[in-house]
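Here is the structure we will look at, set down as structure tokens.
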Protein chains: 2
Amino acid sequence: MTDTARSTTRYGTRPTMKDVAARAGVGLKTVSRVVNGEPGVTPDTERRVQEAITALGFRRNDSARVLRKGRTASIGLVLEDLADPFYGPLNRAVEEVARDHGALLINGSSAEDPEREQELVLALCARRVDGLVIIPAGDDHRYLQPEIAAGVATVFVDRPAGEIDADVVLSDSFGGARDAVAHLIAHGHRRIGFIGDQPRIHTAIERLRGYRTAMAEAGLPVDESWVALGPTAPERVRTAAEAMLSAPEPVTALFSGNNRVTVTVVRVLAGHPRPVALVGFDDFELADLITPGITVVAQDAALLGRTAATLLFRRLEGTDEPPQQRVIPTRLIPRGSGELPPA
Amino acid sequence: MTDTARSTTRYGTRPTMKDVAARAGVGLKTVSRVVNGEPGVTPDTERRVQEAITALGFRRNDSARVLRKGRTASIGLVLEDLADPFYGPLNRAVEEVARDHGALLINGSSAEDPEREQELVLALCARRVDGLVIIPAGDDHRYLQPEIAAGVATVFVDRPAGEIDADVVLSDSFGGARDAVAHLIAHGHRRIGFIGDQPRIHTAIERLRGYRTAMAEAGLPVDESWVALGPTAPERVRTAAEAMLSAPEPVTALFSGNNRVTVTVVRVLAGHPRPVALVGFDDFELADLITPGITVVAQDAALLGRTAATLLFRRLEGTDEPPQQRVIPTRLIPRGSGELPPA
DNA sequence: CGCCGTCTGGACAACGTTGTCAAGAGTGAC
DNA sequence: GTCACTCTTGACAACGTTGTCCAGACGGCG
């Protein structure tokens, strides 16, 4: 093993272009040219450089490259919970689009905590990601103003941004909820409960608005004990559902505000003596195999992600259209649980 | 607005420590000290610097920092499919551990394609992630040798590394599969089918081995038409299942090799005239609400992820223990479908 | 044979940060 | 008043890459 090659084995120290240049007996810039496939290098020189690269196990240091070039070819995705199945397809869709643009995806969970969201977003900005896709936990994003001004493209998904003008991609929560409740009403229900997410979450409010609108359109009164917004923890959802079902005049149907709520409600209803109709917001796997099949309002999470990421890269390519808001329609999928008549 | 402050609004150009220093009327290093909370700065100076930072909207450029310090405080996670619900909790667990260590998580999907896995891993290495958690798609990881030698900590999860000596965290696929099949045998089944993932995937082979072992231990013969390994695409799984169920001597029970297979098998069985027993590898949400409840061998995906990430950071802190292999036990959860008697 | 254009290769600065080191200011003791 | 010491501050190089620019070699043509 030659003297130069010994650096191969020096632990924890990686060879640099300088090392490669020395070993190949060429200049630094020539190595750079070969590594980046730039023209102006004779085949023979190129071969020598390639050999040196292989021998030393050289790999370009992208940190240095980023510093020099200003672009990192990476985008950040901040969502609420990486483990939530609803976000899986969204995450995947964003990754696919990023990949198509040669970018890597950095991601993290805010755990529905505005402070943690901000911390994460700013850490991503410090990394100089080129752009951000954010599922907001907080409702004030003014802290992003300087970053956006500095050129970090930003798209909000699933919920609108707070106090800031930026691109937003939303599901039609209002319309979907209205359809869901209208569906229950069409099957004869008049006392319908709504169990939704925390009221500071935009989608929860929109879905509640859809619920109220459908009831109003049918001329039905809403008893306030039929509405329960709050955390999606199983305990709280169970309590809320049981309260509505055991009231003197119990609800005969339930509309659940998202997939986690639906799952718990399904469990509660499975142990309930009387059949109760149910429509859930968000589709989920095997919803058709439960008896009866669970009727849902399906959101297209993948399309949500794809739209957001596409918008992001359009910004990165330098569009100067004003920020836009895109609304992705939802789709009611009847499977049985929503078609049960009032008991 | 002063002359200096105008740089706040220059689009696409971020202020640097030099700008902050100039505005605060101090030296570059003093700014660095304030930004990093290093001691040795008078309160008064610190205040001036902080003011300048706020006024300019300065945020430290971590790319430059990384270049200088050599550590990126980020780790890479390469898994098979971000949208697969099995990987959600794993992803989340890895992220939590990373967060506890002040590191960010970069991740991507290999789509079960060895070439894409390699491409992704090497891109992460070029970014100089401090470490890697990999769910291998390929079975030859010699390409990682120089990276590991250069100090990139690497832990493989769910499947072992190929041709390379590294930390590995696995579920007990063999034991889980044997338990599952033994469970079916205990309920009187003698003709049991196994539908699993592609044979180049390690877990598929191990589960098949568990299946064969359980059969052999019970002295039962295995007809080769009862074993079907291949892609988990619904079409192929459906075909395989239907073939086994419609043979002259049909199987009376099925063991499905992972959650995607299980889901399709459940659908097939739902449309089947005769009750067929089923045990699936991997738990999934609502498995208890289907009729009958689906008996499964549950893996602890979160524990898998947490163990891997913890091991990774131990390496990063400089342990020089030899690479280890951890096996996470599985747990059989009877829910009904596995306890059906042979028809 | 000399001139010009083209093509290849290399020296050097710059990106924004941090570590090293040294200088200057201030304090206390003799 | 001076010396030794501490505390604060800043100048400078270095991290590994890429862009700019220039030098030298080479070939063709007058």
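Once the partner protein chains are put back, the range B:272-291 shows a loss of at least 30 square angstrom of accessible area, versus the chain by itself, at B:GLU285, B:LEU286, B:LEU289, B:ILE290 (probe 1.4 Å, ligands and nucleic acids excluded). Taking the centroid of alpha carbons for each part, the range B:235-273 and the range B:99-173 are 34 Å apart. The residues of the protein assembly as shown have, on average, 42 Å² of accessible surface per residue, using a 1.4 Å probe with all protein chains present.
Summary for B:THR239: label point 7 Å along Cα→Cβ; distances to the equivalent points in the other copies, ascending, 5.3 nm.
In the range A:5-60, the portion of solvent-accessible area held by carbon and sulfur atoms comes to 52 percent [1.4 Å probe, whole percent, DNA, RNA and ligands not counted]. The order of the peptides A:178-191, A:227-240 by mean Cβ neighbours within 10 Å, most packed first, is A:178-191, A:227-240. Under a model in which nothing but the beta-carbon of Lys, Arg (+1) and Asp, Glu (-1) is charged, the range A:5-60 shows a dipole of about 280 debye around its Cα centre. When the Kirkwood radius is taken over all Cα pairs of the protein assembly as shown, what Stokes-Einstein diffusion coefficient follows at 20 °C and 1.002 mPa s, in µm²/s? Taking Rh from Cα pairs, D becomes 77 µm²/s.
The average projected area of the range B:87-208, computed from the convex hull of its Cα atoms over all directions, is 8.8 nm². Per-residue ellipticity at 222 nm computed for chain B from its helices equals -12500 deg cm²/dmol, with DSSP H segments shorter than 4 residues left out and the rest contributing -39,500 (n - 2.57). Rounded to 0.05, the FRET efficiency of the B:ALA343 and B:GLN198 pair, given R0 = 30 Å and the Cβ-Cβ distance, is 0.50.
Over chain A, the hull volume per residue, using the convex hull of the C-alpha atoms, is 175 Å³.
Modelled label positions at B:LYS29 and B:LEU220, each set 7 Å beyond Cα in the direction of Cβ, lie 7.6 nm from each other.
What does the charge count around B:GLY271 come to, taking other residues whose C-beta lies under 13 Å from its C-beta (Lys +1, Arg +1, Asp -1, Glu -1)? Within the 13 Å Cβ shell, the charges total +1. Among A:VAL129, B:TYR211, A:GLY271, whose Cα sits farthest toward the positive end of the charge dipole of the protein assembly as shown (+1 at Cβ of Lys/Arg, -1 at Cβ of Asp/Glu, about the Cα centre)? In the protein assembly as shown, that residue is A:VAL129.
Choose one answer from A:ASN107, A:ASN91, A:ASN36: the residue with the largest mean-square fluctuation in a GNM of chain A with alpha-carbon springs under 10 Å. With Cα springs under 10 Å in chain A, the top fluctuation among A:ASN107, A:ASN91, A:ASN36 is at A:ASN36.
Each copy carries B:PRO329; placing its label point 7 Å along the C-beta direction from Cα gives inter-copy distances of 5.3 nm, listed from smallest up.
Taken along its three principal axes, the alpha carbon spread of the range B:5-60 comes to 34, 17, 15 Å, from the longest extent down to the shortest. Kirkwood analysis of the Cα pair distances in the range B:145-248 returns a hydrodynamic radius of 15.6 Å.
Summarising the label geometry, the points placed 7 Å from Cα in the beta-carbon direction at A:THR291 and A:ALA126 lie 5.7 nm from one another. In this label model, B:ARG71 and B:HIS272 are separated by 5.4 nm, measuring between points 7 Å along each Cα→Cβ vector.
Over chain B, Cα pairs under 8 Å with separation of 6+ residues give a relative contact order of 17 percent. Close amide-amide hydrogen proximity is noted between A:GLY293 and A:SER337, each under 5 Å apart and 5 or more residues distant or on a separate chain (H modeled in the peptide plane; Pro and chain starts excluded).
Think of each Lys and Arg Cβ as +1 and each Asp and Glu Cβ as -1; about the Cα centre, that makes the dipole of the protein assembly as shown roughly 1900 debye. Each copy carries a label point for B:THR13 at 7 Å from Cα along the beta-carbon vector; from one copy to the others these points are 3.9 nm apart, nearest first. What total accessible surface area, summed over both chains, is buried at the interface between chains B and A, computed with a 1.4 Å probe and given in Å² to the nearest 100? Chain pair B/A: roughly 5400 Å² of buried accessible area. Simple rule: put +1 on each Lys or Arg Cβ and -1 on each Asp or Glu Cβ in chain B, find the dipole, and look at B:VAL26, B:SER246, B:GLY108; the Cα lying farthest toward the positive end is B:VAL26.
Per residue of peptide A:91-97, the mean number of Cβ atoms on other chains within 10 Å of the residue Cβ is 4.
The values are calculated or read from the model by the stated rules, or taken from the named source; none is laboratory data. Here the structure is a predicted model, which means the values were calculated and not measured. A quick note on method: Cβ atoms are made from the backbone with ideal geometry, for glycine too, and the neighbour counts reach across all protein chains shown. Accessible surface is based on the protein model in full, side chains and every heavy atom, while ligands, DNA and RNA are left aside. Shrake-Rupley method; radii C 1.70, N 1.55, O 1.52, S 1.80 Å.
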